[in-house]
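Here's the structure we're looking at; comments come further down.
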Amino acid sequence: MLLSSSIVCAGNDYLVTFGLGQQRGADASPYEAAARTHKETRSFLLQKIRDIRIIQSFVVSNSFHVCAMEKEIQVLENEEKVLEITKMAKNTLGITGKNTAQKNTKWNMEKIGLFRLWKKLGGRRSRLVFGIADTGVDHNHPLIKNSYRGRRTGSHDYNWFDAVTENTLDLEDKNRCGYSLKEPCDDIGHGTHITSVAVGVDGYGVAPGFQWIACRNMDRGYGSFQQYLRCLEFFLAPFNRKGRNPRPALRPDVICNSYECTEKDGCSQHAFENAISMLRAAGVVVVAAAGNSGPSFLSIQDSPCNERLAISVGATDSEDRLAGFSSRGPVLDDRGEYIKPEICAPGVRIPGAGVDGKFESRSGTSMAAPHVCGAFLLLLEFFPELAVKKDLLLNILQATAVPIPSSGGSVPNNSSGYGRIDIYEAVKMCQDLCGRQGENRLVE
């Protein structure tokens with residue numbers, strides 16, 4: 001970040017996104033190559049428009065939040081290096097989940113086959129890390145308190161970042177947590193609940209006790225594109241609470257994105273595509289909630305869930321029926337039509353953590369996505385030899401999913417993808433592929 005994002009712009013705020021260029025090389029990690037390209041792009045931008053003001057820069061997508069007059073920005077419109085120029089908008093509603101009546105049954109864990117696997121976990125302290133970009137996290141909640149990586153390292157640096165630096169909403173009341181927070185907090189409980197479903201203990205989480213880190217990108221459920229992008233950058237190479245000294249080695253293994261960012265509100269499709277491409281190149285699994293705009297088809301339209309490289313997740317209920325609110329595909333882009341969501345998971349009346357140590361049930365694809373995040377963490381923990389084959393892990397989750405046929409009877413389809421995940425069956429397939437025999441087999 002070059003300058004404070006609270007600078008008053010005399011012109012207009014734009015997000016300018018450039019191509020990623022040649023990112024890979026024998027002498028550089030994905031992050032080092034991206035940082036090199038970004039530095040070169042910044043020099044090019046300043047040469048083209050000398051008076052342009054760079055407010056914030058994003059290595060993860062090779063984008064720049066700039067202040068410029070319209071006539072100045074027009075200079076860039078015909079440049080081959082420029083993928084997209086987007087006029088920035090105010091914060092928009094991003095969350096894709098809601099509170100539902102309390103129903104503290106853990107049907108979701110039984111449904112996906114976890115009750116038969118938990119005894120294999122044995123309270124292990126995994127090296128794997130879950131990343132959550134959302135409304136924040138209550139890091140003192142008993143379900144997730146001891147697995148916060150910052151508690152283990154004794155520092156919030158590289159484990160927490162707050163991209164919400166000021167009150168930009170047209171609301172009289174202020175955020176109860178505040179802004180530019182030095183330690184994790186959650187104003188409405190959305191991010192806390194998601195984290196507990198992914199890694200919570202006491203039977204609430206898919207991968208209980210696995211480490212987590214977090215980045216806050218929403219203020220009371222409303223986020224801006226620069227906040228979403230800043231958190232993706234944090235996950236590519238976590239930095240300290242001042243946004244400095246990135247350390248790529250501390251990036252998470254799997255990240256959850258349960259929010260939506262629309263193009264009509266100024267979100268850049270190309271910037272999200274670049275960012276997710278960079279994260280995938282760095283080995284990060286990117287999971288996104290499919291959205292709650294169902295049951296209409298073509299209702300998966302917004303980033304990040306509509307991105308080809310993001311694993312979008314639909315929601316099912318306790319009877320393996322697709323939730324009426326779960327958004328449907330297909331997604332159309334300049335390369336054609338493709339199926340979304342890729343897969344489904346429980347997302348109706350899911351029990352989990354709330355703010356201030358409370359417990360609550362929530363419904364939404366926001367609640368479905370962390371089930372898939374936890375599934376990836378478990379498979380990576382049990383089968384580390386497949387860590388470099390994360391696409392294969394997705395294929396295994398899809399191949400072992402419980403099919404939910406569409407009205408036409410086909411699977412996969414644009415309502416539920418390949419169906420609802422079954423982690424028990426996925427583990428069975430993984431151990432067969434890895435040649436596990438005898439005592440090395442986890443399940444039979």
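Read the figures in this text as sums done on the coordinates, not as results from a lab. From a predicted model like this one, the values you see are computed outputs, not experimental measurements. Methodologically, a virtual Cβ is constructed for each residue, glycine included, from the backbone with ideal geometry; neighbour enumeration extends over all protein chains shown.
Of the residues Ile350, Ile112, Ile52, the one that moves most in a GNM of the chain with alpha-carbon contacts below 10 Å is Ile52.
Converting phi to 3J(HN,Hα) with the Karplus coefficients 6.51, -1.76 and 1.60 and the offset θ = phi - 60°, the stretch 130-144 yields 9, x, 10, 10, 6, 7, x, 9, 7, 6, 9, 5, x, 6, 10 Hz in sequence order, with x at every glycine or proline.
To the nearest 20 debye, what charge dipole does the stretch 323-444 have about its Cα centre, counting +1 at the Cβ of each Lys and Arg and -1 at the Cβ of each Asp and Glu? Intermediate results must be reported in sequence, preceding the final value.
Details: 12 positive and 14 negative charges, 52 e Å.
Using Cβ point charges on Lys, Arg, Asp and Glu, the stretch 323-444 gives about 260 debye.
Provide the per-residue ³J(HN,Hα) series for the stretch 346-359, in order, calculated from phi with Karplus coefficients 6.51, -1.76, 1.60 and θ = phi - 60°, each as a whole number of Hz, with x at glycine and proline positions. Result, ordered by residue: x, x, 10, 6, 8, x, x, 7, x, 6, 6, x, 7, 10 Hz. Pairs of Cα atoms nearer than 8 Å and 6+ residues apart set the relative contact order; for the chain it is 17 percent. Once the Cα-Cα distance is subtracted from the 0.36 nm per residue extended length, the Phe115 to Ser155 segment shows a gain of 11.0 nm. Between Arg308 and Val443, the simple spin-label model (points 7 angstrom out along Cα→Cβ) gives 3.3 nm. Between helix 390-399 and the chain there is an angle of about 50 degrees, using the helix long axis and the longest principal axis of the Cα atoms. Using 0.36 nm per residue and subtracting the Cα-Cα separation, the extra length available between Arg125 and Glu77 on full extension is 12.2 nm. Within the shell of other residues whose beta carbon sits under 12 angstrom from the beta carbon of Arg53, the net charge comes to -2, with Lys and Arg scored +1 and Asp and Glu -1. Give the shape of the stretch 132-256 as rounded, prolate or oblate, defined through the alpha-carbon gyration tensor: a ≥ b ≥ c are the square roots of its eigenvalues, a/c under 1.5 means rounded, and otherwise the shape is prolate if a/b is larger than b/c and oblate if not. Oblate is the answer for the stretch 132-256, as a/c is 1.5 or above yet b/c matches or exceeds a/b. Sum -39500 (n - 2.57) across every DSSP H segment of at least 4 residues in the chain, then divide by the residue count to get the 222 nm mean residue ellipticity, nearest 500. Per the formula, -7500 deg cm²/dmol. Modelled label positions at Arg36 and Asn245, each set 7 Å beyond Cα in the direction of Cβ, lie 2.5 nm from each other.
Give the shape of the stretch 93-433 as rounded, prolate or oblate, defined through the alpha-carbon gyration tensor: a ≥ b ≥ c are the square roots of its eigenvalues, a/c under 1.5 means rounded, and otherwise the shape is prolate if a/b is larger than b/c and oblate if not.
Numbers: a/c = 1.34, a/b = 1.16, b/c = 1.16.
It is rounded, given that a/c, with a ≥ b ≥ c, falls under 1.5.
In summary, the lysines within cross-link reach of Lys174, defined as a Cα separation below 24 angstrom excluding same-chain residues under 8 places away, comprise Lys90, Lys98, Lys182, Lys242, Lys358. When both the stretch 417-444 and the stretch 339-355 are represented by their alpha-carbon centers, they are found 22 Å apart.
Using a cut-off of under 20 Å, list every residue of the stretch 336-351 whose amide N is near the label point 7 Å from the Cα of Asp391 along the Cα-to-beta-carbon line. Label zone hits: 336-343. Distances between placed amide hydrogens fall under 5 Å for Asp186 paired with Val137, Asp138, all partners being 5 or more residues away or on another chain. Using 0.36 nm per residue and subtracting the Cα-Cα separation, the extra length available between Thr105 and Leu46 on full extension is 15.5 nm.
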